[in-house]
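Visitor: Submitted below is the structure of interest, expressed as structure tokens.
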Amino acid sequence: MTKTHTTLLILLIASVVINLYQYRERIDTTKIYLPERVDAADQDTKAAVLGEQERLETNFPPTYERLDNDRLYQQEPKQDFTNKRPLARREAYLAQARHWLAAQEYAKLDEFLPLYLRQHPQDIDFLLLEAEYIVHTSLLSDAIIHYQSLLSLPLSAAQQEHVQQTVTRLTEETVAALTQANSWDILAQFIEPLLQVSPTSRSLILALATAYARQQQANLMENVLASIRYDDPQAIRIRQLIARPYQSLTEPNHDSRLSEPFTDPFRHNEDTPIALLKYGDQYVVTTRLSGHQVNFLIDTGASTTAISRQKFKQLFKIVQTKFVGQFNVQTANGTVRSPMYQFASLEIANLHVKNINIMVLPLGELAHSDGLLGMNFLREFDFRIDQQNAQLYLR
């Protein structure tokens, strides 16, 4: 064998070895590898992920082959499309994670996402899915800040637009929902961290100043408004709330119960009293929440109506709700993180409030009711409680 033949043979062997190595790398980069040695607490997680991986590797449902047409974002292909198996495996993981998110199986995502993102930290689709997961499991203000941090990643133009639109939508919808519910304390807690990240945002400044003014916190209001001209028309209207706390920013006051000397509006015979259940000095009223009976304890000190977790789990299976976000709420037992949901309606007798926001709280001590009826319902009406006869009048 000549020297030339020997050189060619060595080059051929090297080429084969390199091709085999690259092929193996291309296959392996789509797998989720777990450490060989894990703590006992992680054994179930490892077994579950490995079991899911084995199932996906041996049986790809036809729908996974069609997922590429349904993807919101297209990444540059990094695989050899003559071998579709690695791509299908990744799409199967993505489809499974999206299913868990839609089904609110957050515990499974909490186990799966860290494992996947540790090995694929730049997979944008999974990073965006993680951000949506954080919206449902963390404080909404923290989730919005997390979304904003994604803008530092190498996103495509479509992805950047999606993230920016999500930040704007979540912020504006939440401010509107909390304002409509008159939940000024929760609104202030929501905006404060966002304003630290975006200190020049005029909309955040005005919303936070309004929340402070509604709570009659003049010094905090002025500190927030300091970056806006003193003669700014919107700032002037916000300052007027300190003197007239129940005056709307844009409309004259229609709440006669709060702004005028009390006159009994329930003198007419046609006003039908609503029977209450009395327990000590507390009163429980029967309501219809999205068409289903719920017993609420009347609490004029609660700014927002709240329902127990146990009752919410029952209703969540049978009624449509809209998730608003997670917020910190002050309770008798301290601060708790609570999700807020919007229900279609809350009705007492023939009077109702549509699209009402309700907190979900651990209210296990309420033996005779399913929650607290707060001022975001009661302030919509003239109301009076006849304590002697245990009756509620609403108009």
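Visitor: Those residues that are more than 15 Å from T287 (Cα to Cα) and among the β-branched types (V, I, T), I need them from region 331-380; list them, please.
Guide: Passing the criteria: T331, T335, V336, V360.
Visitor: Let me confirm something: among T179, T168, which residue is at pLDDT 95 or above, surrounded by fewer than 18 Cβ atoms within 10 Å (Cβ to Cβ) and part of a helix (DSSP H, G or I)?
Guide: T168
Visitor: Of all residues being open to solvent by 20 Å² or more (accessible area, probe 1.4 Å) and out of contact with any Phe, Trp or Tyr (no Cβ under 8 Å at 6 or more places or on another chain) in region 287-307, which is modelled with the lowest pLDDT? Just the residue, please.
Guide: G301
Visitor: What single numbered condition from (1) among the hydroxyl-bearing types (S, T, Y); (2) in a strand (DSSP E or B); (3) open to solvent by less than 20 Å² (accessible area, probe 1.4 Å) fails to hold for Y393?
Guide: Here Y393 clears every test but (3).
Visitor: Scan region 354-365 and give yes if some residue there is outside any loop (DSSP other than H, G, I, E, B), out of contact with any Pro (no Cβ under 7 Å at 6 or more places or on another chain), open to solvent by less than 70 Å² (accessible area, probe 1.4 Å) and over 27 Å from E172 (Cα atoms), otherwise no.
Guide: no
Visitor: If Q330 meets every condition in (1) modelled with pLDDT of 85 or more; (2) of a type in the set (S, T, N, Q); (3) under 17 Å from N376 (Cα atoms); (4) open to solvent by 30 Å² or more (accessible area, probe 1.4 Å) apart from one, which number is that one?
Guide: (1)
The values are calculated or read from the model by the stated rules, or taken from the named source; none is laboratory data. Here the structure is a predicted model, which is why all the values come from computation and not from measurement. For neighbour counting, all protein chains shown are included, and Cβ atoms are generated from backbone atoms with ideal geometry for every residue, glycine included. Ligands, DNA and RNA are stripped out before the accessible areas are found, and what is left, the full protein with its side chains, is counted by its heavy atoms. Shrake-Rupley method; radii C 1.70, N 1.55, O 1.52, S 1.80 Å.
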